[in-house]
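**Q** Okay, here's the structure, questions in a sec.
Computed from the coordinates by the stated procedures, all read-outs in this text should not be read as laboratory data. Here the structure is a predicted model, which means the values were calculated and not measured. Positions of Cβ are generated from backbone atoms using ideal geometry, with glycine treated the same way; all protein chains shown enter the neighbour counts.
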Amino acid sequence: MSDNAVGAIAVFCIFGLPFVAIMVHRVLKHQERIAMIQHGFPVDADPRDTYRAMKMAQKLGMPPPVGDSAYLFYANARLQRGITTTFIGIAMVVGISFIGYHHGSFVPGPWLIGGLVPLFIGLAQVTGAVLSGAQIGGFGIGRGYTMPPPGPVPPNGMPPNAPPPPSGSPWGWRPGPTPGLDEPPKPPNRR
C-alpha cells in the first residue's frame, strides 16, 4: 500500500468515523422516536434538553420551564450560543486573515481554518436551533418560552384537536384509563 493511501485511511478513521457514528446514532434515535409516536407511546422532550433548560433558567434567574416549553427554552439558548460562536468565528477569520497580507496583497492559506471551523460550527448550531423551533429575539421571555395551558378535556375523553384513533390497531389511542400490569406471583416461602 502506498504512503498516500495509508495517510488517507488514517485521516478518514480519525476524523470521519466519529462523525459517521454520531450521524448513525442520531438517525436511529430519530427512527425510534417516530416508531414510538406511530405506535401510540407517549414521547416526551429529551430529558437532557429539559435539564439543560432548567440549568440555563437558573443562571438567568428565571423560573424553571416545564414540558414542551423547556424544549423551546433550550432551543433558544442553543440559538444564542450558536450566534455567539458564529461571531467569534467571523472575528477569528478577520484577525487571522492578516497573516496572509504581504506587500499590499492578500494570500489565503491554511491558517484560516482556525477561524472557519468555529464559524461553521456556529452556523450549524443556529440552523439546528431554528429548525428546533427557536425564534430570533425574545430570548426566554414571551415568544417561544411559554406555552398556553392545555384546555379542558371534553366529556367523551378525547383531547381537543386529536386525530381519530386508528381503526383496529391495538396500539392506537384509547379513551379511559389504561390498565396496569398484573402483580407478579409471590415467590414460594422456603426455609
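**Q** Taking K and R as +1 and D and E as -1, what net charge do the other residues with C-beta under 10 Å from the C-beta of Q125 add up to?
**A** Working: positive: R78, R81; negative: none.
Every neighbour counted, the sum reads +2.
**Q** Let me ask something additional. How would you rank 76-83, 7-14, 33-40, 102-109, highest first, on the average number of other Cβ atoms within 10 Å across their residues? Kindly include the intermediate steps, with their values, before the conclusion.
**A** On the way: 76-83: 20.2, 7-14: 10.4, 33-40: 12.1, 102-109: 8.2.
Taking the mean over residues of other Cβ atoms within 10 Å, the ranking is 76-83, 33-40, 7-14, 102-109.
**Q** Let me ask something additional. Under 15 Å from the 7 Å Cα→Cβ point of I88, by amide nitrogen: which residues of the stretch 107-139?
**A** So the set is 114-126.
**Q** With 10 angstrom as the radius, rank Y74, Y101 by how many other C-beta atoms surround their C-beta, starting from the fewest.
**A** Lowest to highest Cβ neighbour count: Y101, Y74.
**Q** How far is it, in nm, from the label point at R26 to the one at F106 when both lie 7 Å from their Cα along the line to the Cβ?
**A** It is 3.1 nm.
**Q** Which of the peptides 19-27, 123-131 is most tightly packed, and how do the rest follow, judged by the mean count of other Cβ atoms within 10 Å per residue? Please list the in-between numbers first.
**A** Details: 19-27: 9.9, 123-131: 15.6.
Packing proxy ranking, top to bottom: 123-131, 19-27.
**Q** Same structure, new question: For the stretch 1-43, place one equal point scatterer on every Cα, skip the solvent, and apply the Debye formula. What is log10 of I(q)/I(0) at q = 0.14, 0.22, 0.26, 0.32 Å⁻¹?
**A** Normalising to I(0) and taking log10 leaves -0.51, -0.72, -0.82, -0.96.
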